Structure formats: structure tokens, C-alpha cells
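*Asks:* Take a look at this one; I'll ask things after.
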Amino acid sequence: MVYQEASEALGIDMAALCFEGDDRLMLTEYAQPAILTTEIAMLRALQEEFGLEASCYGGHSLGEYAALVAAGALGMKEAVRMVKERGRLMQAAVPVGHGSMVAVISEKLDAGLIEAALEGLQVALANDNSISQVVVSGPSDEMEAALARVGEVVGTSGARFVPLEVSAPFHSPLMAIIEPAFEKILRETVTCLDDGVAAMVTSNYSGRFHESEPDAVIQALTRQISGTVRWRDNMEHLSEHASRVIEVGPGRPLRAFFKTLDVNVLSITSLASARRALGEVGGQ
């Protein structure tokens, strides 16, 4: 049903796109709706099979849209249209090869100091993932200078710099050019935004739960494109409101981030793993 909903919204056979090795998945324009559709399909299967319910929701970057759909703030068809356009615009913002993203891995990272060290450059703090990992993003020709500055702040002893395989410098100032076009798409696409329910979902842009006001939600989603994903703050707010945290998706990238806050996460990556892991599931 979820794949059918997405197919009807986009005029694409989403099941075939996801499961038949379609080369278009290499393009973020198609990868983003494919990931969103798969995550929601998994969640709905868990809801039907185990009665999974949640008291609050969060998602990292693209995952924020999955969280809004999961909470009921956005319809599935609207969301896949949004993220397809989001992917198209993000890819078009910067020519392939002109931007890069690098993960900085160390102990006790201070995001504020790193942001300050990058002032004056187009390279910016893209993801504040945890106390032990952040990601910087921007033009490839500024990255060496940016990492040198970051190295001075965090200390190169024990620090690792890991280039990410991405097609564009996401969540950097280079993405700001597409924000007006994306905001227009959001306003045209959203026919009904349940802002009260959106307040159950954390905002990557603010680091807090979304405000209960439609324009504020649209503004936050728009600014998320070029702004820092304040995931560390998101995790803290989710942990304060949840008795149990469950990660749903084909991978489990967020579990390690929560572990830095001493929060254990149950990661569900398949129906088989859910059957092994889930007994009685109440609110989370």
C-alpha cells in the first residue's frame, strides 16, 4: 500500500525502483523518495504486526520527513513529492565534484568552537551528530583550509577526518540558493499540515520540537537545507520525552549517536529482526 501511494504520487513504479536495481537510485532526486517510502513501509508493517505506537518522533535530515509522516503531520503522497523536488534542487545547486563533506571523529567535540573556526569560509558545520562526530560541508577547494582550522580546534592527535561519498555538499551555505524555490514547493504541496502533530516531531534546524504553527514548520524545513542538522539537540529532547527509543529503517546509523548520551536504542532493520526483538511494545 505504501509503495502504491508513492507510485501514484510520483507516476513512478516505486517498488520496481527500490527492488530491481534501478540506476536512478544513484540520483538523490530518486533516492530520497525511495528511502522515505521504504522507511514508512517498514514502520506501517511494525504498527500492523506489533501495534507499535510512539509519543514523539525524530529523524536525521531526510529522516525528518519520515518522522513527520509517521506522526501524521504530513500525508505520504505530499511527502514523497516534497522530497523528490528537494533532491532535485539539492543536486542542481552545485555541480558534481565541486562540493564535499567530511566527518570529523574525535572525543568531546565542541560544535560551537568548530562553527566559530569556520567563520569566513563557505565550509560549514553540516551535522552536529554527537559529542564524538560532526560533519563539515562546502566547496571542495576550501575543504583543506577548513579541516586545518578544525584540526587546530579539536587537536589532530586521535582525531580522524573521513570523506563522505556524497553527490553534493548538503547542509552547507551552497544550498541556500535553492531555499526560495523549495519553500515555494512546500507551500504549494502542503494541502493540510497538522501543526499540532508536528509539535511531536523534532526539528533538525532548531534542535527542538517543531512549533505548533504551519508557517514555522515550513520555515524550519526550508532552512534545514542549508542549516546545521542539530541532531545532538534532537536526541536530547527525544530522550527526555521517551521511555524507549526505537530506530526504524533499512540501516541503523543513529544508534551509535544515541549511545554517546548513554541512551540504548532498539534498531529494527527488518521484519525478522522486529519479531526477534519486539515483545510487547507500548509508547516510546
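*Asks:* Quick one: LYS184 ticks every box in (1) under 25 Å from ILE218 (Cα atoms); (2) surrounded by fewer than 21 Cβ atoms within 10 Å (Cβ to Cβ); (3) within 18 Å of the chain's Cα centre (by Cα); (4) at pLDDT 95 or above bar one, so which box is it?
*Replies:* It is condition (3) that LYS184 fails.
*Asks:* Now, a different point. Within the range 246-269, which residues are under 23 Å from ALA198 (Cα atoms), in contact with a helix residue (DSSP H, G or I) (Cβ under 7 Å, 6 or more places away or on another chain) and surrounded by 21 or more Cβ atoms within 10 Å (Cβ to Cβ)?
*Replies:* VAL248
*Asks:* So if I check each of VAL136, VAL166, which one is aliphatic (A, V, I, L, M), touching a strand residue (DSSP E or B) at 6+ places or on another chain (Cβ under 9 Å) and closer than 30 Å to ALA242 by Cα? Please lay out each step first, then the result.
*Replies:* Working: VAL166 fails: closer than 30 Å to ALA242 by Cα.
Result: VAL136 is the single residue among VAL136, VAL166 that is aliphatic (A, V, I, L, M), touching a strand residue (DSSP E or B) at 6+ places or on another chain (Cβ under 9 Å) and closer than 30 Å to ALA242 by Cα.
*Asks:* Looking at (1) loosely packed, with under 15 Cβ neighbours inside 10 Å; (2) of a type outside the set (S, T, N, Q); (3) closer than 23 Å to THR37 by Cβ, which is the one condition that is false for LEU221?
*Replies:* With (1) loosely packed, with under 15 Cβ neighbours inside 10 Å; (2) of a type outside the set (S, T, N, Q); (3) closer than 23 Å to THR37 by Cβ applied to LEU221, the lone miss is (1).
*Asks:* Show me the helices (runs of 4 or more DSSP H) found entirely inside the range 175-284 where at least 1 residues are of a type in the set (A, V, I, L, M), outside the structural domain of MET82 (by TED's automatic domain parsing) and closer than 17 Å to LEU62 by Cα.
*Replies:* 231-241
*Asks:* Filter the range 55-101 down to residues that are buried (at least 20 other Cβ atoms within 10 Å of the Cβ) and β-branched (Val, Ile, Thr) and give me whichever is nearest to PRO139 (Cα to Cα).
*Replies:* VAL94
*Asks:* With (1) farther than 30 Å from GLY72 by Cβ; (2) surrounded by fewer than 21 Cβ atoms within 10 Å (Cβ to Cβ); (3) at pLDDT 95 or above as the list, and GLU165 as the residue in question, which single condition is left unmet?
*Replies:* GLU165 satisfies every listed condition except (3).
*Asks:* Name every residue in the range 38-68 that is in contact with a strand residue (DSSP E or B) (Cβ under 8 Å, 6 or more places away or on another chain) and on the phi > 0 side of the Ramachandran plot, in order of residue number.
*Replies:* Listed by number, the list holds a single entry, SER61.
*Asks:* Mind checking which residues of the range 118-140 are in a loop (DSSP other than H, G, I, E, B) and either within 27 Å of SER239 (Cα to Cα) or without any contact (Cβ under 8 Å) to a residue 40 or more places away in the chain (or both)?
*Replies:* Within the range 118-140, LEU118, GLU119, GLY120, LEU121, ILE131, SER132 meet the criteria.
*Asks:* Still on this structure, please answer the following. Looking at the range 15-26, which of its residues are out of contact with any helix residue (DSSP H, G or I) (no Cβ under 6 Å at 6 or more places or on another chain) and either surrounded by 14 or more Cβ atoms within 10 Å (Cβ to Cβ) or under 18 Å from ARG252 (Cα atoms) (or both)?
*Replies:* Looking only at the range 15-26, we keep the residues that are out of contact with any helix residue (DSSP H, G or I) (no Cβ under 6 Å at 6 or more places or on another chain), and these are 16, 19-23, 26.
Correct list: ASP22 only.
*Asks:* Examine the range 141-155 for a residue that is over 20 Å from the mean Cα position of the chain (by Cα) and either farther than 22 Å from ASP110 by Cβ or part of a loop (DSSP other than H, G, I, E, B) (or both), and state whether such a residue exists. I'd like the intermediate steps shown before the answer.
*Replies:* The initial filter retains those residues of the range 141-155 that are over 20 Å from the mean Cα position of the chain (by Cα), namely 141-155.
Now drop any that are not either farther than 22 Å from ASP110 by Cβ or part of a loop (DSSP other than H, G, I, E, B) (or both), which leaves 141, 155.
Taking every residue of the range 141-155 in turn, at least one turns out to be over 20 Å from the mean Cα position of the chain (by Cα) and either farther than 22 Å from ASP110 by Cβ or part of a loop (DSSP other than H, G, I, E, B) (or both).
The values are calculated or read from the model by the stated rules, or taken from the named source; none is laboratory data. Note that the structure is predicted; figures quoted are calculated from it, not measured. Cβ coordinates were reconstructed from backbone atoms using ideal geometry, including for glycine residues, and neighbour counts include every protein chain displayed.
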